Amino acid sequence: MSGALAARGASEEGNRGRVEATKVRRYWPGKRPDWVGNEEEEDLAVPSTAPAAEDEPTSVQRTDIAAPVVVLKEDPRLRRLQQQQAELAVVRRRREAETSGRDEDGEAPSSEDEDALERRRAAVRERLKQEEAAAVAQESEESEEESSEYETESSEEESLAPRLLLKPVFVPKADRETIMERELLARQEEARLAAEQARAEIRKVETKEILAHRLEVEAAEEASAKEGPRGMDDVVTDDDADDDEEAYEAWRLRELRRIGMAREAREREEREAAEKERWRNMSEEERRRHLALNPREVAPKPKKKWGFLQKYWHKGAFFQEEGDAQVEDGPMLGALASRDFSAPTGQDKFDRSTLPKVMQVKNFGRRGQTKWTHLADQDTTDWGTPWVQNDSLRNKYNQKMAASEQVFTKPKSTRT
C-alpha cells in the first residue's frame, strides 16, 4: 500500500462517526419555516399522470450524516399556520375557478351580466379583505398568547390534579379573631387618642406655669434693678433659723442617747479593768475564798425542742458583743441581739410529723425537693464500696495501725 492510500485511509477512519455542526435557524413568530413550506408544496402539488417506476430499484447515496430535525407534530402554532395556509389555498383555487369559468363561456356578456360580475367581484374582494384582516388580527392575538402558553401548560397540568379541600368549620362570632382584632385595634386607637389629648392638656398647663414663673422672675429682676445693689446686711447667713422645733428635739435626743451609751461603755470597761487587776493581785487561797463567797451565776439555758424538719438558722459571727452583754438596744445589732434564732419560721410553724410518709421531706412538690429527711433517720452509707468492706487485705492493713490492738500485757523485755 502506498503512502497516499495509507494517509487517506487513516483520515477516513478518524472522521468516521463524526457529526458535522448543525446550523440552528431562528424562529420568528408568524413566519413560516423553510422546511414547512417545502412539505406543503409537495402535498398540494398536482400528481403527474406519468406512471411511477415503482419496480425500479433506487440507489441511495449517503455522503454525510444528516442533522437530526425534531418536528413536534402536536405544536399548536404549526397547526394554526397550516390551517391558515390551507384556507388561503382554497380561496385562491375558488377565485381561479371562477375566472377560468367566465373565460370559457363563448357568449358575449351583456351589460347586465357585466354589472352583476362587477358586483360579484367587488363582493369577493371585500370578503377577501375581511378574511385577511381577520387573519392578521388572529395572528397578533396568537403571537401574544404564545408567550403565555408555556406558562399555562404547567398550571393546566396542576389544575388537573385533585386539590385538597379543607373541611369548613363554623366559628362562633365571639371566637372569630378578625372581629376581636378589629375591636382590639379600635380600643387601642381610642386609648391612644385619649392619651394624646391628656398629654396635650398637661402640656398646656405646664406651658402656663412656665410662663407665669418667667413673668415673676422678670418682675423680680426689674424690682431688684430699681432698688439698686444690696449690702452685706441683706444676706442671711444664719441657717439654724430654718430648723423646726421637732428636728431640733430629735437631734437633742440622739445626742443625749449617744453620750449616755458612750459613758456606760466607758464605765463598764473601767470596772472590768479594775476587776482584772484585783484578781491578778490575789493569791490562790484568796481566789478560792472569793469564788466560794461570790459564785458565778451562770443560768443554764433551757434546751429548746426543735420541730420535725425545722430549718437551722445561724445567728452570725459579727457584732456579738452586744448579744453577750444582753444589750437590747445596741448601736449595731439593735433588736437583733435579743432575737431567738431557734424559733420556727415560715413552714416550720406547722407540725409535719402528722403528714404522710411521702410528704415528710423538705420542699415537697418543688424543684428543690430533697430525697432524705435527716441522717439520723436514714443512713446513706453505701456498703458496697471497696473502702467499707472489711476483707482480709484491709483487715491486715488495719492491724498495722497504731492503737488497733487492745493489748495491755506487760512487755517481756522489761525488767521486773
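The values are calculated or read from the model by the stated rules, or taken from the named source; none is laboratory data. Remember, it's a predicted structure, so these values are computed and weren't measured experimentally. As a convention, Cβ positions derive from the backbone with ideal geometry for all residues, glycine included, and neighbour counts pool all protein chains shown.
Quick look at the numbers
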item	result
Test result for Gly316, small (Gly, Ala, Ser) and at pLDDT below 75	no
Neighbours by Cβ (under 7 Å, 6+ apart or cross-chain): first from the stretch 252-276, at negative phi; second surrounded by 10 or more Cβ atoms within 10 Å (Cβ to Cβ)	Met261/Pro331
Candidates Glu112, Glu139, Glu145, Glu126 - the one that is under 19 Å from Gly30 (Cβ atoms) and either at pLDDT 70 or above or over 53 Å from the mean Cα position of the chain (by Cα) (or both)	Glu139
